[in-house]
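Everything below concerns the one structure shown next.
Taken together, the values in this text are just the output of simple stated rules run on the coordinates, not laboratory data. Keep in mind that what you see is a predicted model, and the values were worked out from it rather than measured. Note that each Cβ is placed from the backbone with ideal geometry, even for glycine, and that neighbours are counted across all protein chains shown.
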Amino acid sequence: MYDLLIRNIDIADGSGKALFRGSVAVKDGKIVKVSAGDISDDAAYTVTGKDGQILCPGFFDTHTHGDLQRIADPYISTQLLQGVTFDVCGNCGISAAPVSDETFTIMKRYSEPVIPFKGYDEEWKTWHTFGDYLASVKKRNPAIHTGAFVGHGTLRIAVMGMENRAPSAEELEKMKALLKEAMESGALGLSSGLIYAPGVFSQTDEMVELCKVVAAYNGIYATHMRNESFNVVESVKESIFVAKQAGCKLLISHHKVSGSKNHDLYKQTLKLIEEARQEGLNVICDQYQSNKGSTTLAALLPPFCQSEGTEGLLRQLSDPAQRAKIVKGMEEDATYENFLLDLGSDNILIISCQNTTEHNGKTLTEIAKDYGLSPAETVCQLQLDNAGNVLMAVCMCQQDVVDAIFSFPYTCMGSDGIGAGAGTLTHPRAVGNYVHMFEDYVRERKLVSWEEAIRKCTSLPADFIGLKEKGRIAEGCDADMVIFDRERIGTDASFTNQNAKPKGIEHVFVLGQEKVKHGEIVK
């Protein structure tokens, strides 16, 4: 007798091949039979397909910030309800571990706008190694499979705080030792956030040396590059150079080209990725399905003012002379990825403020009028009024650029759901990225086929990570599967309706166990 039998349903096996009508049998968490017809044998639990439904592998999310979500919510509900059965946290150089006693406060203030879960400090303080963190996750027995990167910024803070300089030889060895421990404990690789302090203070040779450690474990370098606008081509070149020199796999995070003046640069970046693959480098990119990015308001500020952490930044913003320099940097300095200068205050939307919640949902232009200040001065005042804890959305690139990158064969999906599951205001992608992709990019606008869209969030990332038994509906593979209704799949989530549940996800199975039934979590 089978444990689970799914009968007479359209199957997308994850490979990108055409849908076929068939049935799937599961035993002991594994797919043991795939038939192009019916399977009539007995099973403990049987699901019969309905018109319009598709059975496919569970989705992969290669880019989340759910480091503490999996501690606070073992169901990882925002992911599970979208059909995600494998998610990866620790992106953009920010991971919850390792921490040091000396710099824990700096680390917490640095990361809390991105992983804003409260009440876990005492446990968090104990994660001196990455293995300590993974052990805490394992104790929660998450409902879905989880992977994690160790953050470059986190390593730097643990060893040398937020200092604006290259590491000494001794400090670099300490970072490499922490990274080695992380890889041996099960980290997927190293992530970087090279527009954020302290990652912005690093040089290419530092990244190469760290990635050599990653390469020794066949790991991945996942990078939020130094620039995603005017200098995006050079940033892709640097990322490829680091991976080639180190000999590791490369994942370019949330790939985009920001700013209308830079519109056509995506053609060059995708060509660089294609050429690197032809030369033997295992490189892909991921993407969230929106032309609006989301990050902390501090990303608008020049790097020179961010080497002392949040507390040091707030002190500088309180000093009139230093604040004037910071304002001038935002208004004039084009040497860093200056969103305010590149995109303008109309394209910056404040999602959530810790204290001045009346500004939530307003553009920076609107808030500047409220304050009676310039946009740059308003950024400074918002930081001060909210103890540095402000989340923004930025209209970064044109939709046709998003579409072109999405259609690229080596683009997989990453929701980048900052604060997902924390009960705070966030980007709607945190609760609806996957269902929105199928609704808009596939059903409505037909940018790719159902089969290709499913490949992008199943076998493509599974093969890249090296998980041979995941990402496909095939005999011998893990029974991580989703059944969705192609006519209903979608989302009502928006910046003003951020708790909307995904629509059209009928069943989610993890190792053959039903975790979602008719859109509700099975507990």
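List every residue whose amide H lies under 5 Å from the amide H of K30, counting only residues 5 or more places away in sequence or on a different chain, with H placed 1.01 Å from N in the peptide plane.
Under 5 Å from the amide H of K30 lie the amide H atoms of A479, each far enough along the sequence or on another chain.
Highest mean first, how do 38-44, 240-246, 428-434 rank when packing is the count of other Cβ atoms within 10 Å averaged over residues?
So the order, starting with the most tightly packed, is 428-434, 240-246, 38-44.
When you have a sec, figure out the Kirkwood radius of segment 296-395 from all distinct Cα pair distances and drop it here in Å to one decimal? Walk me through the numbers before you get to the answer.
Details: mean 1/r = 0.0759 Å⁻¹.
Evaluated on segment 296-395, it is 13.2 Å.
Assign unit charges at the C-beta atoms only (+1 for Lys and Arg, -1 for Asp and Glu), then state the dipole size of segment 332-486 relative to its Cα centre in Debye, rounded to the nearest 20.
480 debye
Where does each of C248, C211 land when they are ranked from fewest to most other beta-carbon atoms within 10 angstrom?
With the fewest neighbours first, C248, C211 line up as C248, C211.
Pairs K17/K446; K125/K456; K30/K523; K33/K517: which are spaced more than 26 Å apart, C-alpha to C-alpha?
K125/K456
For segment 284-302 and segment 1-72, what is the centre-to-centre distance using only Cα atoms, to the nearest Å?
33 Å
Just want to confirm a number: the relative contact order over the chain, from Cα pairs under 8 angstrom separated by 6+ residues, in percent.
On the way: 1238 pairs, mean separation 103.7, N = 523.
Over the chain, the number comes to 20 percent.
Just want the answer: with Cβ charges of +1 for Lys and Arg and -1 for Asp and Glu, which residue in A368, P302, A321 is farthest toward the dipole's positive end in segment 296-395?
A321
Placing +1 on the Cβ of each Lys and Arg and -1 on the Cβ of each Asp and Glu in the chain, which of L81, S459, V214 has its Cα farthest towards the positive end of the resulting dipole?
S459
Can you give the convex hull volume of the alpha carbon atoms of the chain per residue, in Å³?
130 Å³
Restricting to DSSP H runs of at least four residues, report the calculated mean residue ellipticity at 222 nm for the chain, -39500 (n - 2.57) per run over all residues, nearest 500 deg cm²/dmol.
-9500 deg cm²/dmol
Do any of K468/K515; K261/K369; K27/K470; K108/K180 go past 18 Å between their Cα atoms, and which?
Too far apart for the 18 Å limit: K468/K515; K261/K369; K108/K180.
For segment 279-316, which GluC sites (Glu not before Pro) are in a loop by DSSP, counting at most 13 other Cβ atoms within 10 Å?
Within segment 279-316, the qualifying GluC sites (Glu not before Pro) (loop, at most 13 other Cβ atoms within 10 Å) are E279.
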